[in-house]
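Reviewing the structure listed below.
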Amino acid sequence: MRDATSFDEFYRSTSRRMLRYGYAVVGDHTEAQDLVQEAYARAWRQWGRLTTHPAPEAWLRLVVARLATDRWRRLHGWRAMLSRTGPPEPVPPPGEEGVLLVGALRQLPAAQRQALALHYLFDMSVQDIARETQVPTGTVKSWLARGRARLATLLPDLSVEDLEANDVA
């Protein structure tokens, strides 16, 4: 059984040392924070058994070291893959139509934006959108109709063909 009070006390008495240790192991403060946070999360899950461990702080240091090793292996594999394939192709800047569309979408209420994005970007049906957003299908139809009408007023010079031709919609 986990005892939150004893875990809190353990955390307060060891967290600064553990963060310094994590920083010494990985050499990056943000990464050290992530590793130490994960180590404490694992310690909390094992706290019932860890309280009887002869050296719980040593156990925690071991977890931090193993997490750092795992991180290094992942980065090493990623770098090896990157050296074989090269960097990704540069992404072209957005077209004028895309910038206009994003600006217009930002002026819509969040529900209308979400419904339009799900419908047009993910090809979801009204029923699927209703199920995902947990609202009636009539509400989704209303969001779509109102969103389209508002976009038509915000983008009077932009046709659907222009958006589709520029791969914006």
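The values are calculated or read from the model by the stated rules, or taken from the named source; none is laboratory data. Treat the numbers as computed from the prediction; the structure is a model and nothing was measured. Here the Cβ positions follow ideal geometry from the backbone for every residue, glycine too, while neighbour counts run over all protein chains shown. Each accessible area value is taken on the protein alone, full model and side chains, heavy atoms only, with ligands, DNA and RNA left out. Shrake-Rupley method; radii C 1.70, N 1.55, O 1.52, S 1.80 Å.
Overview of results
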{"quantity": "Listing of helices (runs of 4 or more DSSP H) fully contained in the range 73-136 that carry 2 or more residues being under 19 Å from R150 (Cα atoms)", "calculated": "96-105, 110-121"}
{"quantity": "Among residues of the range 132-142, those that are open to solvent by 50 Å² or more (accessible area, probe 1.4 Å) and touching a residue at least 24 places away in the same chain (Cβ under 8 Å), counted", "calculated": "0"}
{"quantity": "Top-ranked residue in the range 48-61 [being more than 12 Å from M18 (Cα to Cα) and free of Cβ contacts under 8 Å to residues at least 40 places away in the same chain; ranked as surrounded by the most Cβ atoms within 10 Å (Cβ to Cβ)]", "calculated": "L50"}
{"quantity": "Residue within the range 69-90 that is among the aliphatic types (A, V, I, L, M), open to solvent by 70 Å² or more (accessible area, probe 1.4 Å) and modelled with pLDDT under 85 present", "calculated": "yes"}
{"quantity": "Members of the range 1-37 that are of a type in the set (D, E, K, R) and either surrounded by 14 or more Cβ atoms within 10 Å (Cβ to Cβ) or not in a helix (DSSP H, G or I) (or both)", "calculated": "R2, D3, D28, E31, D34"}
{"quantity": "Filter pass, R131 being modelled with pLDDT of 90 or more, within 19 Å of L155 (Cβ to Cβ) and charged (D, E, K, R)", "calculated": "no"}
{"quantity": "Cβ-Cβ under 6 Å pairs, at least 6 apart or on other chains, the range 107-126 side open to solvent by 30 Å² or more (accessible area, probe 1.4 Å), far side not in a helix (DSSP H, G or I)", "calculated": "Y120/A169"}
{"quantity": "Any hit, the range 38-47, residues being more than 22 Å from T5 (Cβ to Cβ), surrounded by 10 or more Cβ atoms within 10 Å (Cβ to Cβ) and without any contact (Cβ under 8 Å) to a residue 60 or more places away in the chain", "calculated": "yes"}
